[in-house]
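Worksheet: the structure to be examined is printed underneath.
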Amino acid sequence: MARNYKKEYKNYHSKTEQVKNRQSRNKARRILKSKGVNVKGKDVAHKNGNPKDNKKKNLGVAKRSSNRSYARTKTAKKVNRRS
């Protein structure tokens, strides 16, 4: 069965909280990019898992595979990521 992207957006991605999270993630990427960090082909990782916390010490660059490799729940174990 094919994914219904329109339904996914309507039910999840268009919610106010998720829009704010996405805006904050985009801002984090711009922050690191403006500091001269090479983020091409990589993810900007929030070390504490909070996408709204864009403090300098909380941001790092990680490979996409390692940054997206675990469930985002309160009890999930995080893998080691590069800073």
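The values are calculated or read from the model by the stated rules, or taken from the named source; none is laboratory data. Every value quoted in this text rests on a predicted model; they were computed, and no experiment measured them. Here Cβ is always computed from backbone atoms with ideal geometry, including for glycine, and neighbour counts include all displayed protein chains. Calculation scope for accessible area: heavy atoms of the full protein, side chains included, ligands and nucleic acids excluded. Shrake-Rupley method; radii C 1.70, N 1.55, O 1.52, S 1.80 Å.
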Report task. Mind listing just one residue for me: the one in the range 1-51 that is of a type in the set (D, E) and without any contact (Cβ under 8 Å) to a residue 24 or more places away in the chain and, of those, least open to solvent (accessible area, probe 1.4 Å)? Result -> E8
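Return the residues of the range 52-82 that are at pLDDT below 75 and surrounded by 10 or more Cβ atoms within 10 Å (Cβ to Cβ); say none if nothing qualifies.
Across the range 52-82, the qualifying residues are Y70, A76, K78, V79, R81, R82.
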